[in-house]
Structures are given as C-alpha cells and as structure tokens.
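First comes the structure, then the notes that go with it.
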Amino acid sequence: MKKNCFILLLALACTAWACNNSKAKPSVNPVDEPADPAEGELIQQQVSLKGCDMAFFEGGKVTFYQSASNTLIPYVVEKDSVVDGVFWNDDCFFYTVAIGQDLYLKRVRLDASSPAPETLTDWGLKLNDCFAESCTKAPMRSYSNIPLIEMYFDLYEEYCEFTQNRYYNFDNQQRTDSWPKDINVGDAGDERELDLLNDQDWFKTVEVAVEVQSEDEEGYKNYYYYVPDLSGEPQICLSDQIDFDQYKTEYSYEPNFELLGVGPNHDAVVFGAPIEWGHVGHGPLCFASLDGKVQKVLVSDYADAFYGWLNDGRLAYVDTDGVKIVALDGKEMLVSKAQKIVTLR
C-alpha cells in the first residue's frame, strides 16, 4: 500500500513540474511561419506624439522627445530604416527611409490619435547619394512657412558638402529638381532665417587691446557682446569666461563669432566661435545666458554639430557622449546615446 502511495505522489509531482515548466518556456514561432495575432502575437501600438519637439536617430530607428513632460517616445510603427527627418511646424514630422539602397519620403502626423507612417514619394536617390560614414551632414531641410521638404544629394565627401537638391511640395504632391515656380521666394522667405537675420542686430564683436608678455602674443582679444537696447550701452559680454586659447593650434586666430540662434524665451544664445579657417570656419560651439552669467563651450567644432532649441527654452546638442540638454543655468542632462538629432525649432 505504501509503495502504491509513493508511486501516486511521484506521478503527481512530475505532472506539476511539467505544467510549471511549460509556463516558463513559451513556444517560439518558426521564422518562416509568422505568428497569428489570434494566437497571442503582440501588436505594437503607437502612443501619441503630440507635443514632441525633438527626435533622435540611431540604428535606423527614431525616438521622439517631449520636453514638456521630459518623456522619450519610441516610434515603433515604422519598420523601414530611418536615415533622416525634419519637423514641419508642430503637427508633422517628415522623414526619409532606406529600403535597400533606395530612398523614400514619409510623413507622420504628430497630432493624430493613432500616428502611422504615410509614404509620400520616391526620392529617386540612392543611399550613397546623401550619406557617407565620413560625413555627419544631414541632407533634409524643412521651411517654417513653406510646404516644401528639401533633400540635398550628390555628396562631395572631401568637404562633406552637397552639390544638388530636390524638393517635394506636400500641398500638391509634386517632386521637382528645382525650386517650384509657383512659390515666390521673395514673398515666402523662411521665417526662421528672417528671425535670425533680425536677431543679429543685438550682437556684436568687440576688439579689446590687452597687454602681452612676448612678441609672439597678439596685442588684442575678441569678445562677443549682447546689446539689449541697440544704443550701445549697456553691453553684456557673452564670451569673457571662455578660454578660447585651449582650442587653438599654431594655425589659429582670435575667435570671430557667428550667431546661430536665440532661445525662444529670448534669454539664451548659441553661437559659433571660428578660430581656424579651411574650406569653412572651425571652432567651438558656445552657449550663454543673455545676462552673461552662464558661458560655456558645448563642443569643440560647431561646423558639423547637431543642436536646436526645445519648446521650453532649453538647448539640445550632441557631443561624443550623446544627446544632452542644457538649461539656462548651465546644468546639463544626458538623454540619449544617439549622435544625431533634429529639433522643432
């Protein structure tokens, strides 16, 4: 009797182990037999992208960032390899994908309840027309108030420059190899470029005489100033806390300064400080609060740097660590390891 009870208990224990083990190791569907959604395949749904003001590109994938909530939102519904993208106002994101070697333009509406990719056109270009491992140039551009997406191509690798461009008008769904005749450049200048031109009036470079210790030293220093009322006084220096000498070589000069953007809250500025000149200027990418209290170098060369303003007034940029966001007080936050971004502003 005891023997029969032991056999029965052993059989029950084996049955229980088999049930538990089947739960720990779910079955795997063969590659050539896709899972039937009815049998439990996970269908990824895209959460809302409304309010997103930055996108990271990494490994053919896009992740959006919403500064208002400090939230990262992966773009999971796109299955093709994304190579570049641009915002258009705050409701659309246009991006280029590579299918094999061919490039296509797509769009996702950020304010849609269920965002999904829309294929708009074949660019008629190959991947190597616009991208090279040795260059970081982004080939796409949008215009703030013009319904055009521009694609640069024919990459000249020696200088990392493009020699040709192509346009897609998403209002009439036409792709052209030249500026569309029905869009008047004079009447429809890009608002962001016009704002930057107007902002330049508030900044100036001042040459200041300094004492030198030897004949090899230069007897002056260049400084960058913000002039709040355009009368010339007061002037707020934006560069006197930065040691540009540490970025110089024997071929460097005193920095010139190039305004790159004023923050949306008009309390901070990003500028380039070229100290060497080749085909283009090279020098530090700098950030400063307009009261002059915060001044810092973000990256050592602004020529090919990725940067842009967020809706909340902070500046996003990319250095060797990844994507960082700098606030008005100079404090920084690392948000991604990606090496390429685009912002709404």
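The values are calculated or read from the model by the stated rules, or taken from the named source; none is laboratory data. From a predicted model like this one, the values you see are computed outputs, not experimental measurements. We place every Cβ from the backbone using ideal geometry, glycine too, and count neighbours over all the protein chains shown. Heads up: the accessible areas ignore ligands, DNA and RNA and are worked out on the full protein's heavy atoms, side chains in. Shrake-Rupley method; radii C 1.70, N 1.55, O 1.52, S 1.80 Å.
With respect to ASN184, is the statement that it is of a type outside the set (D, E, K, R), open to solvent by 30 Å² or more (accessible area, probe 1.4 Å) and modelled with pLDDT under 95 true?
On the way: of a type outside the set (D, E, K, R): yes; open to solvent by 30 Å² or more (accessible area, probe 1.4 Å): yes; modelled with pLDDT under 95: yes.
So ASN184 fits the description; yes.
Inside segment 88-106, can you point out the residues that are surrounded by 15 or more Cβ atoms within 10 Å (Cβ to Cβ) and of a type outside the set (A, V, I, L, M, F, W, C)?
Result: ASP90, TYR95, THR96, TYR104, LYS106.
Counting just the residues of segment 107-131 that are open to solvent by less than 20 Å² (accessible area, probe 1.4 Å) and within 19 Å of the chain's Cα centre (by Cα), which one comes out farthest from TRP179 (Cα to Cα)? Steps first, answer last, please.
Of segment 107-131, the ones open to solvent by less than 20 Å² (accessible area, probe 1.4 Å) are 108, 110, 115, 123, 125, 130.
Applying the additional criterion that residues be within 19 Å of the chain's Cα centre (by Cα) yields 108, 110, 130.
Values: VAL108: 24, LEU110: 27, CYS130: 19 Å.
The residue in question is LEU110.
Okay, residues lined up against (1) touching a strand residue (DSSP E or B) at 6+ places or on another chain (Cβ under 6 Å); (2) open to solvent by less than 30 Å² (accessible area, probe 1.4 Å); (3) acidic (Asp, Glu):
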| position | (1), (2), (3) |
| --- | --- |
| GLY281 | no, yes, no |
| PRO284 | yes, yes, no |
| SER289 | yes, yes, no |
| LYS293 | no, no, no |
| VAL299 | yes, yes, no |
| GLY308 | yes, yes, no |
| ASP312 | no, no, yes |
| ALA316 | yes, yes, no |
| ASP319 | yes, yes, yes |
